[in-house]
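Read-outs: derived from the displayed coordinates by stated rules, not from any lab. Bear in mind that the values here come from a model prediction, so they are computed numbers and not experimental data. Ideal geometry is used to build each Cβ from the backbone, glycine not excepted, and the neighbour counts take in all protein chains shown.
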Amino acid sequence: MADMLKSLLQEPFVWGLLIGIAVAIFLWIRGIIKQAGQKREIKKLKGSLYTKMEIDAKGHKTREDELEKLRKQNENLRITVKSLQQKPNRAEIRQLHVFDKAIHAMLARAPGFAATWEMVLKEAEDEIEKSETGITAFMRKVFVPQRKLPSEEDETKLIDYEVEDKDT
């Protein structure tokens, strides 16, 4: 058996076969090591991808929650604005703002309007001040108009008087 092994080792084919098997084993072991390294890298990349997806999901959820919160807040503010516009005297205050803007526009456009307006405004302020104090206020309380002035149905009333029933 030893002689047979010696004779086989002297053949060049056997030497080529042994060298080929050694190279194949070397390449196979190197491939196994490389594959293990790639598996570790894939596992690491999957972990990184999972972490990134979790962070993105949390960020998206946070943005969605904030957007929903802002939508609700916007709706609440819109409802609040509508309800505040419907409160009593809001229409009158709005009308006063419209008049104020119109007056300022007239002051800018019509040169003769300003002086007349200032004079009439001063007279109206003096009259209102007198009506709030003194004899005019007393007269107004005693002699409240019994009927409203005739006006159109859709006309905005500047002053509302309470109508007292004569039956009481």
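Expressed as a whole percent, how much of the Cα-Cα distance distribution for region 64-114 exceeds 13 Å?
Result: 70 percent of Cα pairs exceed 13 Å.
Using the basic label-point model (7 angstrom from Cα toward the beta carbon), what is the SER83 to GLU118 distance in nanometres?
In this crude label model, SER83 to GLU118 measures out at 4.5 nm.
In nm, what is the difference between 0.36 nm times the number of residues separating GLU54 and LEU8 and their Cα-Cα distance?
So the chain would gain 10.2 nm between GLU54 and LEU8.
Evaluate the distance, in nm, between pseudo-label points positioned 7 Å from the Cα of LEU45 and of ILE25 along their respective Cα→Cβ axes.
A separation of 3.3 nm, rounded to one decimal place.
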